[in-house]
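Read the figures in this text as sums done on the coordinates, not as results from a lab. All values derive from a computational prediction rather than experimental measurement. Reconstructed Cβ throughout: ideal geometry from the backbone, glycine too, with neighbour counts over all protein chains shown.
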Amino acid sequence: MSTDTNNTTPETVTEARTYLLKDLCMLTDIPLRTVRYYIQIGLVDRPVGGTKAARYGAGHLEQLLTVKKWTAAGLALESIRELMHGETPPVEARAKTRGSVAVQSHLTVAGGIELVVDPEAAGLKPEQLRKFFREVTAVYDRIIGDDGSQSEIRR
């Protein structure tokens, strides 16, 4: 490879090692279909190039080895994704179909006032849901007042 000294970038001077998918699978001892699945769900970055011209670099190799290490340690793929990306992926809303089951929490605030929450759809963890219910109850108590007479909320 010849390089023009007037048009030299770090990429042209030091060519990074790239791999074909089959080579990457051999190096990591991970089946080809599994690697494709990891790419599909976002655990591993997409390759450079398309289809047969797809190339994988050291970053892909490192990602696969990290996933392999954590799966061997017993972590779920969802947990691994959170660890690798530092974020929780958005949960797609599931359409309610016949026979589907949903868990909901009910809070009876007072006679005639009930709050129903689907914690999964709301994205609330149990402690967040408890805090939410405590706050709703506290607001109701401030509105009604201790003696049961209604009062205005002070802002």
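With point charges of +1 on the Cβ of Lys and Arg and -1 on the Cβ of Asp and Glu, referenced to the Cα centre of region 105-144, which listed residue (Ala121, Thr137, Ser105) lies farthest in the positive direction of the dipole?
Thr137
For region 13-85, what is the largest minus smallest coordinate of the Cα atoms on each principal axis, given in angstrom and ordered from greatest to least?
38, 26, 20
How large is Rg/Rh for region 105-144, to two decimals, with Cα atoms and a Kirkwood Rh? Could the numbers behind the result be given before it?
Numbers: Rg = 10.5 Å, Rh = 10.6 Å.
Ratio value, two decimals: 0.99.
Enumerate the lysines that Lys96 could reach by cross-link, defined here as Cα to Cα under 26 Å, with residues fewer than 8 away along the same chain left out.
Lys125
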